[in-house]
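Working notes, beginning with the structure itself.
The values are calculated or read from the model by the stated rules, or taken from the named source; none is laboratory data. Computed from a predicted model, the values in this text were never measured in an experiment. Cβ: placed from backbone, ideal geometry, glycine included. Neighbour counts: every protein chain shown. For the accessible areas, the whole protein counts, side chains as well, though only heavy atoms, and no ligand, DNA or RNA atoms are used. Shrake-Rupley method; radii C 1.70, N 1.55, O 1.52, S 1.80 Å.
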Amino acid sequence: MVERVLEAVAAVAPEVRAGLPGRRVYDADENPSGEKQLAADVYADQLFEERLLALNAVGSYASEERESVIEADEGDTYHLAVDPLDGSSNLKSNNAMGTIVAVYDEPLPARGEHLVASAFVLYGPITTMTVAHDGTVTEYVVDESGDRTVVDDDVTLPDDPVVYGFGGRVPDWLDDFEAYAREIEQELKLRYGGAMIADVNQVLEYGGVFAYPALDSAPNGKLRLQFEGNPIGHIVETAGGASSDGARSLLDVEPTELHQRVPVHIGNTSLVERLEDALE
Ligand code: AHG
Ligand code: MN
Ligand code: MN
């Protein structure tokens, strides 16, 4: 049943990619997180809503771009949280972006432990899709017709970390996080591109740590638990790494409302544990 959802996501991906060139302008509206919406955000969101809500198993569709959950007429097995375009501000500068689809078996907002599958599409030089399901992370190439070919059937974080990427402005970091960052920058190579999916994929490929931490100006950071933190935490933990809000696995964070933000830290377990020690 989950496979039908994943097939539909892959099938939409080429249409999202094809629709990007003409949609690099900001709409008048803001999303529920108070951020400007690109025409591409709205376009991708409409495509995913239409194709995913049509599936029998899908009971509801929630999007980073919409205030509330959209209930399906029928179907109650899966409840989807979708970030239609992650890193959409990269569209104007033609840098990588992604789509995130979280498949929960409980109505939203739900704890990460209720994730049945988590997937992201990466619109890079190649369109790939990475899926955590049944204890394994699989990476596919998605072709122009939306068909997938497995390129890695057991994505696992390398033992030796190589890259790091930290969001937010340095003067806005909390002191304990800054001290941790100063250590990490002596050990690893900086890779930060402004789209979480692309930055996380560098960590999955090379090993390391990605964080969008709590900030003085934003104590819960920028990223959203239901749409970004939970699915990415699920994928990285399934790939043998760790995730944290600074104190606990992202999958253990109590959901209070659909668009709640959470500090996100993911990567090799040793690096995430060092971070939690630093923030204690
Ligand atoms: P989205 O485009 O879905 O709002 O996500 C953008 C997020 C995330 O992809 C990225 O890690 C972060 O915003 C980048 O934020 P900064 O521009 O503050 O670096
Ligand atoms: Mn996002
Ligand atoms: Mn988005």
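Table for the structure above
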read-out	value
Residues located in region 14-49, provided they are in a helix (DSSP H, G or I), touching a Phe, Trp or Tyr at 6+ places or on another chain (Cβ under 8 Å) and open to solvent by less than 10 Å² (accessible area, probe 1.4 Å)	V16, G19, F48
Lone unmet requirement of (1) touching a strand residue (DSSP E or B) at 6+ places or on another chain (Cβ under 7 Å); (2) within 16 Å of ligand 3 (Cβ to nearest atom); (3) on the phi > 0 side of the Ramachandran plot for G267	(2)
Selected residue (criterion: least open to solvent (accessible area, probe 1.4 Å)) from residues of region 72-85 that are within 18 Å of A8 (Cα to Cα) and acidic (D, E)	D83
Filter pass, Q260 being within 15 Å of ligand 1 (Cβ to nearest atom), open to solvent by 20 Å² or more (accessible area, probe 1.4 Å) and polar (S, T, N, Q)	yes
Filtered residues of region 130-162 (kept if in a strand (DSSP E or B), exposed (fewer than 14 other Cβ atoms within 10 Å of the Cβ) and touching a residue at least 24 places away in the same chain (Cβ under 8 Å))	T136
Identity of the residue in region 215-224, over 13 Å from D86 (Cβ atoms) and out of contact with any helix residue (DSSP H, G or I) (no Cβ under 7 Å at 6 or more places or on another chain), that ends up nearest to ligand 2 (Cβ to nearest atom)	G221
Residue that is among the β-branched types (V, I, T), away from ligand 1 (no atom under 16 Å from the Cβ) and not assigned by TED's automatic domain parsing to the domain that holds I197, where the choices are V42, V82, V58	V58
Counted residues, region 53-85 - those being within 16 Å of ligand 3 (Cβ to nearest atom) and in contact (Cβ under 8 Å) with a residue 24 or more places away in the chain	12
Boolean, A239 is touching a helix residue (DSSP H, G or I) at 6+ places or on another chain (Cβ under 8 Å), small (G, A, S) and open to solvent by less than 10 Å² (accessible area, probe 1.4 Å)	yes
So T269, is it in contact (Cβ under 8 Å) with a residue 24 or more places away in the chain and either buried (at least 24 other Cβ atoms within 10 Å of the Cβ) or within 15 Å of the chain's Cα centre (by Cα) (or both)	no
Pair list, Cβ under 8 Å, 6 or more apart: region 239-257 residue of a type in the set (V, I, T), other residue open to solvent by 10 Å² or more (accessible area, probe 1.4 Å)	V253/R111; V253/D245; T256/P109
Residue check, G233 in contact (Cβ under 8 Å) with a residue 12 or more places away in the chain and more than 10 Å from ligand 1 (Cβ to nearest atom)	yes
Failed item, numbered, when S88 is tested on (1) crowded, with 19+ Cβ neighbours inside 10 Å; (2) modelled with pLDDT of 95 or more; (3) within 12 Å of ligand 3 (Cβ to nearest atom)	(2)
Among residues of region 102-118, those that are away from ligand 2 (no atom under 12 Å from the Cβ) and open to solvent by less than 10 Å² (accessible area, probe 1.4 Å), counted	6
Output for region 187-213, where each listed residue is away from ligand 3 (no atom under 16 Å from the Cβ) and of a type in the set (D, E)	E187, E205
Total residues in region 63-86, condition within 16 Å of ligand 2 (Cβ to nearest atom) and either of a type in the set (S, T, N, Q) or in a loop (DSSP other than H, G, I, E, B) (or both)	4
